[in-house]
Amino acid sequence: MELSMFFTVCSALLLLSSSPADAKTASPPLLSPTPAPAPAPDFVNLTDLLTVAGPFHTFLSYLQSTKVIETFQNQANNTEEGVTIFVPKDSAFSAQKKPSLSNLTEDQLKSLMLFHGLPHYYSLAEFRNLSLQNPISTLAGGQYSLNFTDVSGTIHIGSGWTNTKVSSSVHSSDPVAVYQVDRILLPEAIFGTDIPPTPAPAPAPDIAIAPTADAPSADSDGKAAPSSQPKPSSSHRIINWGILIHVVLAISCGFLF
């Protein structure tokens, strides 16, 4: 009986001494902390931007009526490429007479608006290399492409019907670039290839220089022409002869007396 009690106590002591070791081996391994996700790019509300800047009210109105503003906004926020938009001022629309935009269909007007956007973000410095890859496709797709030329740091844009330039940067921060242009970009895919020639600049008016009144003019042989000063009249010559005769008579009378 005492022997069984002894074995029971020893077993209990062995169990108590082995539990801390088992607990140490069963502890879970330490995990490294998960890195924080990269911050999302800044969100740019294109409607708010074009409302404040400009004035670009006419262009914004066309974007909203054709729902192209949604395409541009989706390209900016939901793609890795970003978007580049060329925005004409209100004065560019008021100056556009021929061809007229009033005769365009809804699909043509939508394509015209998409023609002002590129499916990639481009800073001004990137246009120098972009000019070596002409023509560049626009968000209108298909035959709607643009040609770019860097002239001493100024970006010129050609669309067939339109030759204009980037006059200022409205917003340029990845993923959105908005640049102001002086004219509406008119594609050949809508207006055709029968482009009227650009009128030549008017010649400068000739400015006639009146000759100086006192300067003698030269004849064809290079000799100076006689002066235009008036010659002595016949009355002056008669008076001079009369004075001379009186002087001669006076001298003669002096010798006689």
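Every number here is computed from the coordinates shown, using simple stated rules; none is lab data. On a predicted model such as this, the values are computed, not experimentally measured, just so you know. When we count neighbours, we look across all protein chains shown, and the Cβ atoms used for this are built from the backbone with ideal geometry, even at glycine.
Descriptive notes on the structure:
- Pairs of Cα atoms farther than 15 Å apart, segment 148-189, %: 48
- Packing-based ranking, highest mean first, of 100-109, 80-89, 144-153, 171-180 given that Cβ atoms within 10 Å are counted: 80-89, 171-180, 144-153, 100-109
- Residues in segment 170-188 that a label on Thr149 would reach, taking backbone N under 20 Å of a point 7 Å out along Cα→Cβ: 180-188
- Pairs of Cα atoms farther than 17 Å apart, segment 38-104, %: 49
- The Kirkwood hydrodynamic radius of segment 70-120, based on inverse pair distances between different Cα atoms, is 12.4 Å.
- Value of Rg to Rh for segment 67-173, rounded to two decimals, is 0.95; Kirkwood radius and Rg both from alpha-carbon coordinates.
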